[in-house]
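The values are calculated or read from the model by the stated rules, or taken from the named source; none is laboratory data. No experiment lies behind these values; they were computed from the predicted model shown. Here the Cβ positions follow ideal geometry from the backbone for every residue, glycine too, while neighbour counts run over all protein chains shown. These area figures cover heavy atoms from the full protein model, side chains too; ligands, DNA and RNA do not enter into them. Shrake-Rupley method; radii C 1.70, N 1.55, O 1.52, S 1.80 Å.
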Amino acid sequence: MSVLRSAAFAATGLALSLQAAADAGGGVSISSYGQRALFIQGGGQSVLLNPYKAVGCAAGLPEPRVKAGVVLASSELADEGARGIATGRFLVAPGSYKVGGLNLEGFASPHDRMEGRRFGNATIWRWQQGGLDFAHVGATAGPISGADRVLLGRPDVLIIGVGGGSKIYDGKEAAAVVKQLNPKRVIPVQYVNGDAPANCDQEGVQPFLEAMGGSTVVNPGRSIDLPANLPDTTVITVLR
């Protein structure tokens, strides 16, 4: 990422932070469909993350066929950004977007540990909703650079892949990113519950929780409501 591009994103990120008060407050509700698919409602807006086809590591899961204002995909791989599953404005390419009352920033990050030479880049997303600052790092195995840290800032809610494999952080890598960004709330995604489907190279959430030893962990089930003003400590929310 060039210095000029980093500076541009940093300036945009600052502008987003300054206009947080313009977003409708009141917090958000977040529901999990498994894998990386989260449905976030609040502030008069709805955002679906990473709709998938029930293939690969998502085999056997119900596809998230919902209606959203915005659909954010990390890539167009079938298990993390399938078109035609949900309805809504589908965004996958890096860039700056304004959809309804949402301002969204997407920027590229290596999808693998080889600087993208194997699987190319994924898109990391940042936006504000319901008075909360979100960062979605759900589909990358590349390190968080200094420029990335500037772009992401300190999110209120960090959504991060933790299941390992060829395209996703493993538990230790994800924990290192959490410690870099120091969010108030962490929602781990992209891991398997129970036995992994055939041809799935991911594992469960436990290695991440162990790497985050000492952190508060809550298990609310499939959904959770978050207030606009979160406590200033890192809490891990495991949605099943």
Just how far, in whole angstrom, is segment 98-119 from segment 123-189 if you go by their alpha carbon centroids?
11 Å
Please state the shape class of segment 113-240: rounded when a/c is under 1.5, otherwise prolate if a/b exceeds b/c and oblate if not, all from the C-alpha gyration tensor.
oblate
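Kindly flag which residue pairs out of 98/184; 67/98; 67/179 have an alpha-carbon separation exceeding 27 Å in this structure. All intermediate terms of the calculation are to be shown ahead of the outcome.
Working: 98/184 25 Å; 67/98 18 Å; 67/179 34 Å.
Table pairs above 27 Å Cα-Cα are 67/179.
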Protection proxy ranking of 38-44, 167-173 - average other beta-carbon atoms within 10 Å, highest first:
167-173, 38-44
Please work out how much length the chain gains when fully extended from residue 219 to residue 182, using 0.36 nm per residue of separation minus the C-alpha to C-alpha distance, in nm with one decimal.
11.3 nm
Who wins for biggest fluctuation among 118, 126, 185 in a Gaussian network model of the chain, springs between alpha carbons below 10 Å?
118
Quick one: putting +1 on the C-beta of Lys and Arg, -1 on the C-beta of Asp and Glu, what dipole do you get for the chain around its Cα centre, in Debye to the nearest 20?
380 debye
Quick one: among 31, 145, 166, which has the greatest mean-square fluctuation in a GNM of the chain with alpha-carbon springs under 10 angstrom?
145
Per residue, what accessible area does the chain have, given a 1.4 Å probe and all protein chains present, in Å²?
41 Å²
For the pair residue 149 and residue 235, the simple spin-label estimate (label points 7 Å beyond Cα toward Cβ) gives in nm 2.6 nm
Under a Gaussian network model of the chain whose springs join Cα atoms within less than 10 Å, the largest fluctuation of 141, 37, 176 belongs to 176
Report, to the nearest whole %, how much of the accessible area of segment 128-220 belongs to carbon and sulfur atoms, 1.4 Å probe, protein only.
45 percent
What value, in deg cm²/dmol to 500, does the helix sum -39500 (n - 2.57) over DSSP H runs of n ≥ 4 give at 222 nm once divided by the residues of the chain?
-5000 deg cm²/dmol
